[in-house]
Amino acid sequence: MKTQNYILILLIAFSCTMCNSSKKEKEDAVASEKVSKVDNDKHPVLTPEDSLKLVNHQIEVKGEVEFPLQLTVDSLRKMKVVTINDFKVVCQSGEVKKDDKTCKGVLLRDILEKAKIKQSGHKDRNFYIVARASDGYMATFSWAEIFNNPTGENAYVLFEENGKPVKNGEMITICKNDIKTGPRHVSWLKSIEVYKVK
């Protein structure tokens, strides 16, 4: 009888422990989910030294193009430069991360026209464009957005903000007509890549 009571007490204690650990695991999962939701919109704060390591002095235009390009700020200045007024970087949460009074840059469309996408005819339009940063961040555009949509008049590679060189890399991409401009705001721009949809 004593042995049976002892085993019964052990079983009850064990099941209580399992319930508590399961409850703790659920609480931890919920807590980490909350943290990941909060952190999704946050970018790690880089030291000036780390930021300098990500700077590119030229961007490469490559992929499905006839004339691959190596562009610098100086080569962009020789193209048709556009001034943009009152550009805000708005992140996914709606918070304004940056507010530029004036920016200077070149239309992404003008850069792609200079590189000339490899189209086999005027109906060959199934391409997408990737703006890639040296920290691995990427933003995409479709051929139709750039060449058959108001986005083509609002997607830029910038090299100057508020009369000064761009801080996070020498060149960045932006899309002014996006509702949330942050997701396609690519700092430390490294390459513009053109791919055909397979």
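The values are calculated or read from the model by the stated rules, or taken from the named source; none is laboratory data. Please read these numbers as outputs of a predicted model, since none were measured by experiment. When we count neighbours, we look across all protein chains shown, and the Cβ atoms used for this are built from the backbone with ideal geometry, even at glycine. In case anyone asks, the SASA skips ligands and DNA or RNA and just uses the protein heavy atoms, side chains included. Shrake-Rupley method; radii C 1.70, N 1.55, O 1.52, S 1.80 Å.
Just a few scattered comments:
- Any chance GLY105 is more than 19 Å from the chain's Cα centre (by Cα), over 19 Å from PRO68 (Cα atoms) and open to solvent by less than 40 Å² (accessible area, probe 1.4 Å): no
- Residue-level check: of (1) over 14 Å from the mean Cα position of the chain (by Cα); (2) without any contact (Cβ under 8 Å) to a residue 60 or more places away in the chain; (3) assigned to a loop (DSSP other than H, G, I, E, B), GLU170 misses just (2).
- The condition of being under 19 Å from LEU158 (Cα atoms), modelled with pLDDT of 95 or more, part of a strand (DSSP E or B) and open to solvent by less than 40 Å² (accessible area, probe 1.4 Å) holds for only one of VAL89, VAL61, that being VAL61.
- Within segment 92-118, being out of contact with any Leu (no Cβ under 8 Å at 6 or more places or on another chain) and modelled with pLDDT under 95 holds for GLN92, SER93, GLY94, GLU95, VAL96, LYS97, LYS98, ASP99, ASP100, LYS101, THR102.
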